[in-house]
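A short worksheet on the structure shown next.
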Amino acid sequence: MNHNLSVTCPQCGKLNLVGNTRCSNCGAPLPTTKLKSRTPHRLSKRFLAIIITFSVIVATILVGVIIQHNQILSYATFLNAAPQRIELLDYHHRLVRQFYLIGDQRHFGVNGIHGTAASVSRLSPHDDYHNAPRVAYADNRTRGIFTIFTPSRIVLTYPSKKGRLTYSGTCHVVGNPQVRYFRWLNLSGGVTK
């Protein structure tokens, strides 16, 4: 007989089926019992809290990795899709010329990063710059040189450009010995990595 579905008589000790009110052997009243319901096992609150905490940590790490990856792709060089203001300065750090570059195409190579950018003299909030003239550029990180290939080639030499929004250094413009320095401002509000 299945002991889970039986009740022992307190008088004679015989096993009786659950649901019987009297013993089938001696007729003594049987104690009433409730069947244990077989409900699915519920997770404890502490275990559930641990699972939720772990999930939040994993999701946070995953989002952080995705953001970091996108920043590396977006800010791998000075140029990205946001406007970059370049100021060419004379020996006394006075403004000689100012223009903006808006990143277009970018390629990573053995000697650094090279690509093209739209070059404009002023920004317009309604312009998408698709028809603006393009210039080629090369960013050699190991040498700290950023070259803009215009008819008067512009060579910017920088000590470092990690983590700042404004960069400066020396500058050489072919055919314009007046220009000696440059200042570069990332107008996107991002940080170069």
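Key figures
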{"quantity": "The lone exception for A132 - which of (1) in a strand (DSSP E or B); (2) crowded, with 16+ Cβ neighbours inside 10 Å it fails", "calculated": "(1)"}
{"quantity": "Scan of region 141-183 for residues that are at pLDDT below 80 and among the hydroxyl-bearing types (S, T, Y), ordered by number", "calculated": "T142, S160, T166, Y167"}
{"quantity": "Condition check for R106: open to solvent by 90 Å² or more (accessible area, probe 1.4 Å) and charged (D, E, K, R)", "calculated": "no"}
{"quantity": "Unique match (being modelled with pLDDT of 90 or more, open to solvent by less than 90 Å² (accessible area, probe 1.4 Å) and under 22 Å from A138 (Cβ atoms)) among Q84, Q98", "calculated": "Q98"}
{"quantity": "Flag if L43 is at pLDDT below 85, under 23 Å from the mean Cα position of the chain (by Cα) and either open to solvent by 90 Å² or more (accessible area, probe 1.4 Å) or not basic (K, R) (or both)", "calculated": "no"}
{"quantity": "Cross-chain or 6+ apart pairs with Cβ under 6 Å, region 93-106 first and within 17 Å of N186 (Cα to Cα), then surrounded by fewer than 16 Cβ atoms within 10 Å (Cβ to Cβ)", "calculated": "F99/S121; Y100/R85; Y100/L123; G103/A81"}
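The values are calculated or read from the model by the stated rules, or taken from the named source; none is laboratory data. Keep in mind it's a predicted model, so treat the numbers as computed, not measured. All Cβ positions, glycine included, derive from the backbone under ideal geometry; neighbour counts span all protein chains shown. For accessibility, only protein heavy atoms count, side chains too; no ligands or nucleic acids. Shrake-Rupley method; radii C 1.70, N 1.55, O 1.52, S 1.80 Å.
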